[in-house]
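*Asks:* Structure in structure tokens, see below.
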Amino acid sequence: METFLAVAKHSSIRRAAAQLHITEAAASAAVAHIEKQLGAKLVAKSGRGIALTEAGRVYADYCRSILGLMKEAHAAVREAETGRLRIGVVATAGEYVLLRLLASFRNRYPDIELGLSIQPRDVLYLELTHHETDLVVAGRPPHDAGLVTRARRPCQLVVVGAPRLWSDPCEATWLLRGKGSGTRDTTLALFDRLQIRPPTLTLGTHGAALAAAREGLGITLIHSDAIASDLAAGHLEVLTVEGTPLNRPWHAVTTRTPTPAVRLFLSHITDPAQVGDKAFRGV
């Protein structure tokens, strides 16, 4: 399965073999063996490389979940305080909320192996569904994903821009995150609610959007956790826009079977005595 997933990732037998440090013949034989077992064609030639068939895409999805579960199972039987914890987080929460929590957690439990993945919300929840991540800190998870919110932390989305520059926010240029961002989706939904179609500029990350807002390139919808220092320094101001601020708490989300290390981390981040005003509230 690992060989097949490498082939699927790279759309190339050669590059998959190089990643796995095996021969091209061995990688090709592994894929052919799986196809023979399943009685289905999983890959097909596409230009100079290969592409997954519909059956291949379905099988790859199952492979990701199976391998993720195997790794999760290995972690689950280890002692909690010497286990592994893979956390996925959106950029804003990672930079302004989670780092302090991770620092105090590592000081308490130095033998737990930590991994951090910073991705757009949609990617994170897909990884969690496939058991490739143990816990995600982001906006609300999809309703039909079978995931469980274990704790929340209050936060608001507000509109900010350079001071005294935007007399009518509805006519300003709005600075957007990249596709897959929950904040981008919320901004576009706000446009629909206000029945406006302002000019937009996509900058990808929240850091780029904030920097552009400071320079007067436009205004942006952003989590209040990210702007405290800019507001205090007078680099940005909160703008009055109908429908804002929006309550958008951070969610700490797991699968239905969290590992001991995950449960230890959840206990830590919901304890104000340990993490102060950054504490989450258990659900």
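*Asks:* Under 10 Å, Cα contacts only: if you run a Gaussian network model on the chain, which one of ILE87, ILE269, ILE50 comes out with the highest mean-square fluctuation?
*Replies:* Highest fluctuation among the options: ILE50.
*Asks:* Now, a different point. Counting helices only, and only those DSSP H runs with n ≥ 4, report the 222 nm mean residue ellipticity of the chain as the sum of -39,500 (n - 2.57) divided by its residues, in deg cm²/dmol to the nearest 500.
*Replies:* Estimated from H runs of four or more residues: -12000 deg cm²/dmol.
*Asks:* With all protein chains present, how much of the accessible area of the range 1-74 (probe radius 1.4 Å) comes from carbon and sulfur, to the nearest whole percent? Please report the intermediate quantities before stating the final value.
*Replies:* Values: 2690 of 4690 Å².
Answer for the range 1-74 is 57 percent, counting heavy atoms of protein chains only.
*Asks:* Is the range 1-74 rounded, prolate or oblate when judged by the Cα gyration tensor, a ≥ b ≥ c being the square roots of its eigenvalues, rounded requiring a/c under 1.5 and prolate requiring a/b larger than b/c? Can you show the working numbers first?
*Replies:* On the way: a/c = 1.70, a/b = 1.26, b/c = 1.35.
In terms of gyration-tensor shape, oblate.
*Asks:* Using unit Cβ charges (K, R positive; D, E negative) and no other charged atoms, how large, in debye to the nearest 20, is the dipole of the range 175-255 about its Cα centre? Walk me through the numbers on the way to the answer.
*Replies:* Numbers: 7 positive and 7 negative charges, 54 e Å.
Here the size comes out at about 260 debye.
*Asks:* Further, regarding this structure: Consider the candidate values [x] 18.2; [y] 16.0; [z] 17.5; state which one is mean projected area of the Cα convex hull in nm² computed from the structure displayed.
*Replies:* Computing mean projected area of the Cα convex hull in nm² and matching it to [x] 18.2; [y] 16.0; [z] 17.5 gives [x].
*Asks:* Taking the dipole about the Cα centre of the range 1-74, with the C-beta of Lys and Arg at +1 and of Asp and Glu at -1, give me whichever of LEU5, THR23, GLY68 is farthest to the positive side.
*Replies:* Result: THR23.
*Asks:* Still on this structure, I have one more. Dipole magnitude of the chain about its Cα centre, charges +1 at Lys/Arg Cβ and -1 at Asp/Glu Cβ only, in debye to the nearest 20?
*Replies:* Working: 33 positive and 27 negative charges, 103 e Å.
Computed about the Cα centre, the dipole is about 500 debye.
*Asks:* Moving to a separate point now. Whenever you get a sec, line up MET70, MET1 from highest to lowest accessible area (probe 1.4 Å, protein heavy atoms). Numbers along the way, then the final one.
*Replies:* Details: MET70 95, MET1 75 Å².
Ranking MET70, MET1 by accessible area, largest first, yields MET70, MET1.
*Asks:* Choose one of VAL159, GLY180, HIS223: the residue whose Cα lies farthest towards the positive end of the charge dipole of the range 156-247 (beta-carbon charges +1 Lys, Arg; -1 Asp, Glu; about the Cα centre).
*Replies:* Towards the positive end, the residue furthest out is GLY180.
*Asks:* Where nothing but the Cβ of Lys and Arg (+1) and of Asp and Glu (-1) is charged, how large is the charge dipole of the range 1-74 around its Cα centre, in debye to the nearest 20? Each step should come with its number before you reach the end.
*Replies:* On the way: 10 positive and 6 negative charges, 52 e Å.
Approximately 260 debye in magnitude.
*Asks:* Would you mind checking the tilt of helix 260-269 against the longest principal axis of the Cα atoms of the chain, expressed as 0 to 90 degrees and rounded to 10?
*Replies:* Taking Cα atoms only, the helix is inclined about 0 degrees.
*Asks:* Kindly rank 130-142, 33-45, 114-126, 235-247 from highest to lowest mean number of other beta carbons found within 10 Å of each residue. Write down the numbers at each step before the final one.
*Replies:* Details: 130-142: 21.8, 33-45: 13.3, 114-126: 18.4, 235-247: 15.2.
Descending packing order for the listed peptides: 130-142, 114-126, 235-247, 33-45.
*Asks:* Can I ask one more? Have a look at TYR59, LEU38, LEU239 and report the one farthest towards the positive end of the charge dipole of the chain, computed about the Cα centre with Cβ charges (Lys/Arg +1, Asp/Glu -1).
*Replies:* LEU38
*Asks:* Continuing with the same structure: Quick one, what does Rg over Rh come out to for the range 140-283 if you take C-alpha atoms and the Kirkwood Rh?
*Replies:* On the way: Rg = 17.3 Å, Rh = 16.7 Å.
Looking at the range 140-283, the ratio lands at 1.03.
*Asks:* Amide H of TRP250 versus every other amide H placed in the peptide plane: which residues, excluding those fewer than 5 positions away on the same chain, fall under 5 Å?
*Replies:* The answer is ARG153, CYS155.
*Asks:* If a/c stays under 1.5 just call it rounded; otherwise compare a/b with b/c (prolate if a/b is bigger, oblate if not). Do that for the range 148-220, with a ≥ b ≥ c from the square roots of the Cα gyration tensor eigenvalues. Can you show the working numbers first?
*Replies:* Details: a/c = 1.75, a/b = 1.50, b/c = 1.16.
In terms of gyration-tensor shape, prolate.
The values are calculated or read from the model by the stated rules, or taken from the named source; none is laboratory data. From a predicted model like this one, the values you see are computed outputs, not experimental measurements. Cβ: placed from backbone, ideal geometry, glycine included. Neighbour counts: every protein chain shown. Just the protein is used for accessible areas: all its heavy atoms, side chains included, with ligands, DNA and RNA removed. Shrake-Rupley method; radii C 1.70, N 1.55, O 1.52, S 1.80 Å.
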